[in-house]
Amino acid sequence: MTDEEKYTGLSRKKRFACNIITAALIFACGCVLLVFGIIGGMIGVGVSVIVVPLLLLTGGLILFVTSIIQMNTVTFYMSIIFFVCAFVGFLAHFSPLTYGMLYPFYIASPAIASLFTVIMSGEYRFHLKIILVFSFPSVFFALFASGIWTAGILAPALVMYAGLVALYGALSANSATEE
C-alpha cells in the first residue's frame with residue numbers, strides 16, 4: 001500500500017459520524033455540568049470540582065471515538081493522554097490522594113499512551129522508546145512525591161538521565177544511515 005492510498009481523506013459519512021458524535025458528547029458534558037450546577041450544593045460536589053476532569057474526559061472520549069472511526073493513531077494517542085489527565089483529576093477530587101501524590105501520572109502519560117497506541121499502530125520499537133524515555137522520569141518523580149527521594153537526589157538523577165538520553169540520541173544518529 002502506498003502512502004497516497006494509506007493516507008486518504010475521510011469519507012463524507014465518516015466525517016458526519018465524527019461530527020455528530022462530537023456534538024453529542026459535548027452536549028452530554030454540558031448536561032452533566034448543568035446537573036451538578038443545580039444539585040451540586042446539595043451533594044457537596046459543585047461544578048467547580050468536576051469541570052476540568054469532566055472536560056478532559058469528554059475530550060478524551062471525542063478523540064477516542066473519532067480515532068477508531070478514522071483509524072488514526074495520533075488521535076488515539078492524544079485520547080489516552082486526555083484520559084490519564086481526567087483520571088488524575090477525578091482521583092485528586094474524589095479520593096484521599098492529592099495532586100502532589102498523583103502528578104507523576106502526568107509525566108508518565110506519554111508512556112501510558114504509547115503503551116495503548118502500540119496495539120493500534122504496530123510500531124513496537126518507536127513506542128518502546130517513548131515508553132522508556134518517559135517511564136524513568138515518572139518513576140523518579142514518584143519516588144520524590146512519596147518522600148523516598150529528596151530534591152538533592154531527584155535533580156541529579158534527572159540531569160544524569162537527560163545526559164543518557166542525549167548520549168543515546170547522539171549514538172543513534174551517528175549509526176543511522178544517511179538518506
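Here are a few things to note about the model shown:
- Unmet criterion (only one of (1) crowded, with 17+ Cβ neighbours inside 10 Å; (2) over 15 Å from Leu57 (Cα atoms)) for Ser79: (2)
- Conditions (1) under 30 Å from Leu143 (Cβ atoms); (2) out of contact with any Leu (no Cβ under 7 Å at 6 or more places or on another chain); (3) not polar (S, T, N, Q): number failed by Cys85: (2)
- Checking each residue of the stretch 146-153 against the condition of being assigned to a helix (DSSP H, G or I) and surrounded by 15 or more Cβ atoms within 10 Å (Cβ to Cβ) gives no match.
- The requirement of being surrounded by fewer than 12 Cβ atoms within 10 Å (Cβ to Cβ) and of a type in the set (Gly, Ala, Ser) is fulfilled somewhere in the stretch 83-101, by at least one residue.
- Candidates Phe134, Phe90, Phe141 - the one that is touching a Phe, Trp or Tyr at 6+ places or on another chain (Cβ under 8 Å), among the hydrophobic types (A, V, I, L, M, F, W, C) and touching a residue at least 24 places away in the same chain (Cβ under 8 Å): Phe141
- Top-ranked residue of the stretch 105-127 - restricted to ones that are in a helix (DSSP H, G or I) and more than 16 Å from Ile80 (Cβ to Cβ), ranked as most open to solvent (accessible area, probe 1.4 Å): Arg125
- Meets criteria (without any contact (Cβ under 8 Å) to a residue 40 or more places away in the chain and either in contact with a His (Cβ under 9 Å, 6 or more places away or on another chain) or not in a helix (DSSP H, G or I) (or both)) for Pro96: yes
The values are calculated or read from the model by the stated rules, or taken from the named source; none is laboratory data. Please read all numbers here as calculations on a predicted model, not as lab measurements. Virtual Cβ from ideal backbone geometry, glycine too; neighbours counted across all protein chains shown. All accessible areas refer to the heavy atoms of the entire protein, side chains included, with ligands and DNA or RNA removed. Shrake-Rupley method; radii C 1.70, N 1.55, O 1.52, S 1.80 Å.
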